[in-house]
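Down below is the structure, laid out as structure tokens.
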Amino acid sequence: MLIRRAPRFTASEITDPKLYLSRRELISGTVAALVLRPGQSEGATPQGQPLSATRNAAFSLNEPATKFEHATTYNNFYEFGVNKDDPSRLGGTLRPRPWTVQVDGFVHKPKTFDIDELIRLFPLEERVYSLRCVEAWSMVIPWIGFPLASLLNRVEPTGQGKFVEFTTLLDPSQFPAQKPGFFGYASLDWPYVEGLRLDEATHPLTLLTVGMYGKVLPNQNGAPVRVVVPWKYGFKSAKSIVRIRLVSEQPKTSWEKAAAQEYGFYSNVNPAVSHPRWSQADERRIGEFRRRPSLPFNGYADQVASLYTGMDLKKFY
Ligand SMILES: Nc1nc2c(c(=O)[nH]1)N[C@H]1C(S)=C(S)[C@@H](COP(=O)(O)O)O[C@H]1N2
Ligand SMILES: [Mo]
């Protein structure tokens with residue numbers, strides 16, 4: 001009740017002892033009833049509850065956000081099916097609590113974090129990013145999270161890891177489309193695997209994301225934790241992550257396995273390089289009718305183009 005009725009938090013409220021306690025108590029589960037919505041059972045997902053974060057203006061677009069209703073009903077989350085409304089219709093089977101994220105590979109201090117521990121570990125920021133889907137639509141979303149670099153620093157990379165691999169939960173009881181024989185598109189190799197080069201993963205724009213629109217992340221948007229890499233096509237931003245691993249070789253991603261000619265490892269937004277079946281020159285903002293030109297690196301060229309100096313981006317698409 002207490003938490004639900006609170007308005008958007010400000011910076012000073014980040015350390016609000018009530019909020020701090022509530023997060024702790026969600027972990028222990030002892031007094032969970034106090035902080036969960038009426039009717040919500042102990043251990044149930046707190047999705048939809050307000051989440052405090054400080055707006056990081058330097059990393060935020062000055063554009064109106066896509067309507068929450070659109071951002072939560074027009075989704076790609078193939079674990080629930082290929083239709084845009086499947087994730088919001090069927091997302092209730094995902095149980096984002098309890099949840100752990102294993103962080104390992106070439107690190108000195110591998111650790112499995114409880115999701116609520118992870119949320120308390122680093123200051124949460126709100127960042128308004130546009131997310132550009134490879135299907136040539138985009139949304140502007142106020143995400144809540146913290147730089148992935150903060151987490152990676154914490155586990156102390158050994159220096160041998162050159163790439164970061166993200167793995168989504170594999171559990172057909174929670175993700176209907178992972179069941180063999182599910183009617184619809186089943187040609188993705190589960191679990192969903194994505195990857196970034198280490199310098200991309202530790203770039204300050206790369207956000208480990210636990211909320212949006214001032215609230216805990218909805219299931220259909222990748223609860224309880226997903227990555228958001230705003231200069232790349234949306235499919236690089238893996239949802240419902242259970243493992244983050246530093247590896248020495250470029251990870252083989254689910255989309256590369258499915259169709260390498262269509263979905264490259266880099267997948268930087270690039271209006272000059274068409275998808276084999278359609279142009280990437282422009283895009284439609286969900287909620288708008290007009291098309292707008294797509295920007296190199298989705299508008300983040302100033303910040304990230306230097307990561308690719310000397311690379312032929314037509315070859316490394
Ligand atoms: N595990 C997983 N992550 C995923 C996907 C998916 O199917 N499974 N779809 C991707 C694609 S194609 C896009 S465009 C974004 C959509 O994120 P959103 O629904 O929060 O807008 O999630 C990405 N992350
Ligand atoms: Mo996408």
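Within region 47-86, how many residues turn out to be more than 16 Å from ligand 2 (Cβ to nearest atom), closer than 27 Å to P172 by Cβ and buried (at least 19 other Cβ atoms within 10 Å of the Cβ)?
Qualifying residue count, region 47-86: 1.
Identify the residue in region 123-145 that is more than 9 Å from ligand 1 (Cβ to nearest atom) and in a loop (DSSP other than H, G, I, E, B) and, among all such residues, is most open to solvent (accessible area, probe 1.4 Å).
P123
State yes or no: is V247 more than 18 Å from R197 (Cβ to Cβ), aliphatic (A, V, I, L, M) and at pLDDT 95 or above?
No, not satisfied.
Could you figure out which of (1) without any contact (Cβ under 8 Å) to a residue 60 or more places away in the chain; (2) open to solvent by less than 10 Å² (accessible area, probe 1.4 Å) isn't true of T112?
(2)
Can you name every residue in region 87-97 that is over 18 Å from W255 (Cβ atoms) and either open to solvent by less than 50 Å² (accessible area, probe 1.4 Å) or assigned to a loop (DSSP other than H, G, I, E, B) (or both)?
Across region 87-97, the qualifying residues are S88, G91, L94, R95, P96, R97.
For residues that are more than 15 Å from ligand 2 (Cβ to nearest atom) and more than 15 Å from Y78 (Cβ to Cβ), scanning just region 254-265, find the one that is most open to solvent (accessible area, probe 1.4 Å).
Here the residue is Q261.
Search region 118-134 for residues that are within 26 Å of V269 (Cα to Cα) and pair each with any residue that is assigned to a loop (DSSP other than H, G, I, E, B) and of a type in the set (V, I, T) when their beta-carbon atoms are under 8 Å apart and the residues are at least 6 apart or on different chains.
Hits for this filter: R132/V269.
I'd like to know if region 83-100 contains one or more residues that are closer than 23 Å to E262 by Cα, of a type in the set (S, T, Y) and either within 15 Å of ligand 1 (Cβ to nearest atom) or modelled with pLDDT of 95 or more (or both).
Within region 83-100, not a single residue is closer than 23 Å to E262 by Cα, of a type in the set (S, T, Y) and either within 15 Å of ligand 1 (Cβ to nearest atom) or modelled with pLDDT of 95 or more (or both).
The values are calculated or read from the model by the stated rules, or taken from the named source; none is laboratory data. Since we're looking at a predicted model, the values are computed, not measured. As a convention, Cβ positions derive from the backbone with ideal geometry for all residues, glycine included, and neighbour counts pool all protein chains shown. Each accessible area value is taken on the protein alone, full model and side chains, heavy atoms only, with ligands, DNA and RNA left out. Shrake-Rupley method; radii C 1.70, N 1.55, O 1.52, S 1.80 Å.
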